[in-house]
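Heads up, the thing below is written out as structure tokens.
The values are calculated or read from the model by the stated rules, or taken from the named source; none is laboratory data. Worth saying up front: this structure is predicted, and the values here are computed from it rather than measured. Methodologically, a virtual Cβ is constructed for each residue, glycine included, from the backbone with ideal geometry; neighbour enumeration extends over all protein chains shown. For the accessible areas, the whole protein counts, side chains as well, though only heavy atoms, and no ligand, DNA or RNA atoms are used. Shrake-Rupley method; radii C 1.70, N 1.55, O 1.52, S 1.80 Å.
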Amino acid sequence: MKDSSVPLCPQRPLLAGRRKNLEFEPLSTTALILEDRPSNLPAKSTEETQRHKLEYEEMVAGAKRRELKEAQRKKRQMKERHRQEDSISNAMVIWNTEILPHWDSMYGTRRVRELWWQGLPPSVRGRVWSLAIGNELNITPELYEIFLSRAKEKWRSYSETSSVNDSESDGGASLADRESSLDLIKLDISRTFPSLFIFQKGGPYHDLLHSVLGAYTCYRPDIGYVQGMSFIAAVLILNLEEAEAFITFANLLNKPCQMAFFRVDHELVHFYFYTNHSFEIFFEENLPRLFSHFQTNSLTPDLYLIDWIFTLYSKSLPLDVACRVWDVFCRDGEESLFRTGLGILHLYEEVLLQMDFIHIAQFLTRLPEDLQSHTLFNAMASTHMISRNRRWAQVFSALMKDGNKEADKNTSPALRS
């Protein structure tokens with residue numbers, strides 16, 4: 001019995017090896033094409049063997065071509081990356097040595113404007129934004145500290161009194177407003193650039209963003225906190241020191257287009273975004289086919305444009321692309337915001353022409369995450385912001401004037417007097 005069992009032992013590794021080969025070889029196209037058939041099957045003919053050999057050689061050549069193509073693509077990517085790094089480095093030197101020290105005399109020159117369009121180097125971006133937006137409100141870092149202290153005191157007061165007598169006379173309304181603002185700020189911060197994990201609770205910029213937003217609610221209690229502000233403040237915090245971010249934030253929100261949003265000025269918002277007003281004039285002239293398609297599907301600008309401009313595209317576009325949009329916004333003002341919108345529509349025109357109302361609205365509400373800044377800016381560059389020899393601001397002002405005249409005409413004489 002012992003001798004009869006001996007031959008069985010060495011066969012097990014053989015079977016395992018054969019099993020291993022069977023598991024491995026089908027993964028190789030080479031094995032399927034070049035290997036001879038098992039002995040119990042008819043052998044390959046000479047013609048079939050030759051054909052399989054040619055097929056194999058073609059597959060190897062194809063694989064090599066793909067590898068070469070991929071290597072060339074990576075080489076181009078690396079070359080472009082080095083070119084961009086060199087360009088940013090050179091631009092940074094120019095901005096730091098030639099432009100910023102002489103800002104007042106340099107910022108409006110053609111050379112600076114062209115350099116600006118190419119994108120600001122990250123190291124000077126915040127400084128340029130701050131200078132371009134300005135400080136018409138004359139806010140100082142000391143004033144920021146005062147309003148921040150008031151905000152912290154209100155937070156402490158709210159936490160102490162929220163559970164006791166929150167409806168006492170003279171205190172009920174203010175406490176409710178305070179609670180609403182605090183809840184909104186807390187909610188909005190939690191969903192501000194969530195993929196970065198830096199503004200959420202426990203993140204390095206959470207308290208900083210909370211401070212800037214809280215201080216603003218004390219600085220402008222007539223406006224308070226409005227959803228969406230956190231995205232604007234967050235972009236500034238990523239590029240500026242705390243006090244400077246607050247100063248720029250307050251002045252930015254004081255611009256007419258942003259103030260129309262945050263003060264809920266329905267009349268002004270209407271002139272900016274609704275049917276038969278400034279944006280649609282430029283939309284129809286730049287993209288007549290898409291404009292007609294949107295009209296056929298009853299898709300009005302307010303359904304997508306407000307969401308984009310509400311946060312200066314920081315919520316709608318990838319962060320690096322949004323910062324490029326901010327660069328041009330600081331250079332050209334609110335016109336660039338509408339030019340960006342037209343650029344997006346131009347970029348995806350052929351896709352949008354194939355969609356119905358629901359799919360267009362869904363697409364424009366959630367733009368592709370792989371959108372690249374250079375493709376968007378190429379589309380923006382081909383967008384014309386002149387209508388009948390009038391720029392955006394002139395068209396907008398004329399529409400405002402006509403709208404006010406129409407409103408006066410519809411108002412009774414008794415009310416006018």
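Listed here are the residues, each with its yes/no results for (1) in contact with a helix residue (DSSP H, G or I) (Cβ under 7 Å, 6 or more places away or on another chain); (2) modelled with pLDDT of 95 or more; (3) over 28 Å from G119 (Cβ atoms).
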| residue | (1), (2), (3) |
| --- | --- |
| R263 | no, no, yes |
| H266 | no, no, yes |
| V269 | yes, no, yes |
| T296 | no, yes, yes |
| D302 | yes, no, yes |
| T311 | yes, no, no |
| W326 | yes, yes, no |
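For the condition open to solvent by less than 10 Å² (accessible area, probe 1.4 Å), more than 21 Å from A379 (Cα to Cα) and of a type outside the set (D, E, K, R), what is the one hit in F271, F283, F246? Walk me through it before giving the result.
Values: F271 fails: open to solvent by less than 10 Å² (accessible area, probe 1.4 Å); F283 fails: more than 21 Å from A379 (Cα to Cα).
After applying the criteria, what remains is F246.
What's the number of the condition L240 fails, among (1) open to solvent by 10 Å² or more (accessible area, probe 1.4 Å); (2) in a helix (DSSP H, G or I); (3) of a type in the set (A, V, I, L, M, F, W, C)?
Unmet condition: (2).
Quick one: which of Y158, Y144 is at pLDDT 85 or above, part of a helix (DSSP H, G or I) and surrounded by 15 or more Cβ atoms within 10 Å (Cβ to Cβ)?
On the way: Y158 fails: at pLDDT 85 or above.
Going through Y158, Y144 in turn, just one is at pLDDT 85 or above, part of a helix (DSSP H, G or I) and surrounded by 15 or more Cβ atoms within 10 Å (Cβ to Cβ): Y144.
Of all residues in region 371-391, how many are free of Cβ contacts under 8 Å to residues at least 40 places away in the same chain and open to solvent by 100 Å² or more (accessible area, probe 1.4 Å)? Walk me through how you get there before you give the answer.
The initial filter retains those residues of region 371-391 that are free of Cβ contacts under 8 Å to residues at least 40 places away in the same chain, namely 374-375, 378-379, 381-382, 386, 388-390.
Then keep just the ones that are open to solvent by 100 Å² or more (accessible area, probe 1.4 Å); that gives 374, 378, 388-389.
Here the count works out to 4.
How many residues are in a helix (DSSP H, G or I), open to solvent by 10 Å² or more (accessible area, probe 1.4 Å), under 21 Å from T248 (Cα atoms) and in contact (Cβ under 8 Å) with a residue 12 or more places away in the chain if we restrict to region 306-358?
If we filter region 306-358 for residues that are in a helix (DSSP H, G or I), which is where we start, we get 306-310, 319-332, 335-347, 349-352, 357-358.
With open to solvent by 10 Å² or more (accessible area, probe 1.4 Å) added as a condition, the list becomes 306-307, 310, 319-320, 323-324, 329-332, 335, 339, 346-347, 349-351, 357-358.
Next, only the ones that are under 21 Å from T248 (Cα atoms) stay: 310, 319-320, 323-324, 329-332, 335.
Checking which are in contact (Cβ under 8 Å) with a residue 12 or more places away in the chain leaves us with 310, 319-320, 323-324, 329-331, 335.
Result for region 306-358: 9.
Tell me which residues, restricted to region 214-243, are modelled with pLDDT of 95 or more and of a type in the set (D, E).
E241, E242
Do the conditions hold for L54, that is, is it open to solvent by 70 Å² or more (accessible area, probe 1.4 Å), at pLDDT below 80, out of contact with any helix residue (DSSP H, G or I) (no Cβ under 7 Å at 6 or more places or on another chain) and among the aliphatic types (A, V, I, L, M)? Steps first, answer last, please.
Numbers: open to solvent by 70 Å² or more (accessible area, probe 1.4 Å): yes; at pLDDT below 80: no; out of contact with any helix residue (DSSP H, G or I) (no Cβ under 7 Å at 6 or more places or on another chain): yes; among the aliphatic types (A, V, I, L, M): yes.
Spelling it out, it is not the case that L54 is open to solvent by 70 Å² or more (accessible area, probe 1.4 Å), at pLDDT below 80, out of contact with any helix residue (DSSP H, G or I) (no Cβ under 7 Å at 6 or more places or on another chain) and among the aliphatic types (A, V, I, L, M).
Kindly indicate whether F246 is aromatic (F, W, Y), under 26 Å from T217 (Cβ atoms), modelled with pLDDT of 95 or more and outside the structural domain of W392 (by the TED database). Steps first, answer last, please.
Details: aromatic (F, W, Y): yes; under 26 Å from T217 (Cβ atoms): yes; modelled with pLDDT of 95 or more: yes; outside the structural domain of W392 (by the TED database): yes.
So F246 passes the test.
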